[in-house]
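Notes for the one structure printed next.
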Amino acid sequence: MSEEQYLFEIELPIWQDPQGDLILEKSREYCYVYFGCWDKKSPPNYAEYIGRIEFINAWSVRSLDVEFYDIHPRGEYLYPSSIYIIKNSEWFKDVFNIRNEYYSDSWTKWKDKNYKHYLVKGHDNYFEIIAEDFEVKKIDKAQAGKYAVLIEE
């Protein structure tokens, strides 16, 4: 019997718009998730920048367009803006075993890294990403290009 899956919450350094969309940009070389932001004033206003989460050594991604997610933290949600690690992830175990089966020789140097199953929540969509780590960046509106649509969405 496997252990129960649950979310481990990590606070983001910027405030993600909780009603906004997410945009995923993924290739073999990089994996980014973009989102609109609020400033931290009260009441919150749309910030003049967007957020980008850059996943390091990402090798598996999936997307769900649903309003509710069926894995939860063991306690209360702690932060106004978060990313999550899914602990005891069944999906992580499945894709890790598939990759190990097909790439057993070339996979050796990769499989010893500490990969995690991340969850990024939007309003009605979720991205799940298996990666080694992540970094969060602010991108000013002037540099956001086509992703500036996330501001005041």
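Only the coordinates and a few stated rules stand behind these numbers; no lab work does. Since this is a predicted model, take the numbers as computed values, not measurements. Positions of Cβ are backbone-derived with ideal geometry, glycine not excepted, and every protein chain shown enters the neighbour counts.
With the helix formula -39500 (n - 2.57) applied to DSSP H stretches of n ≥ 4, the chain reaches a computed 222 nm mean residue ellipticity of -3000 deg cm²/dmol. When 96, 35, 134 are sorted by how many other C-beta atoms sit within 10 angstrom of their C-beta, beginning with the fewest, the order is 96, 134, 35.
Once the Cα atoms are used to define both axes, helix 90-102 deviates from the longest principal axis of the chain by about 50 degrees. Counting lysine pairs in the chain that sit 8 or more residues apart in sequence, or on different chains, and whose Cα atoms lie under 20 Å apart gives 25.
The dipole here belongs to segment 54-102: it is taken about the Cα centre, uses +1 on the Cβ of Lys and Arg and -1 on the Cβ of Asp and Glu, and is about 220 debye. Its Cα centre serving as origin, segment 1-70 has a Cβ charge dipole (Lys and Arg +1, Asp and Glu -1) of approximately 280 debye.
Could you tell me what a quarter of the Cα convex hull surface of the chain works out to, in nm² with one decimal place? Average projection, Cα convex hull of the chain: 10.2 nm². Along the axis of the charge dipole computed for segment 1-102 (Cβ charges of +1 for Lys and Arg, -1 for Asp and Glu, origin at the Cα centre), the listed residues 12, 92, 57 are led at the positive end by 57. Other residues whose C-beta falls under 15 angstrom from the C-beta of residue 134 contribute a net charge of -1, scoring Lys and Arg +1 and Asp and Glu -1. Put in order of Cβ neighbour count within 10 Å, fewest first, the listed residues 62, 28 become 28, 62. Net charge dipole, segment 6-150: roughly 300 debye, given to the nearest 20, about the Cα centre with Cβ charges of +1 for Lys and Arg and -1 for Asp and Glu. For the chain, relative contact order (Cα pairs under 8 Å, six or more residues apart, normalised by length) works out to 36 percent. In plain terms, the residue of 138, 41, 116 with the fewest other Cβ atoms within 10 Å comes first and the most crowded comes last, giving 41, 138, 116.
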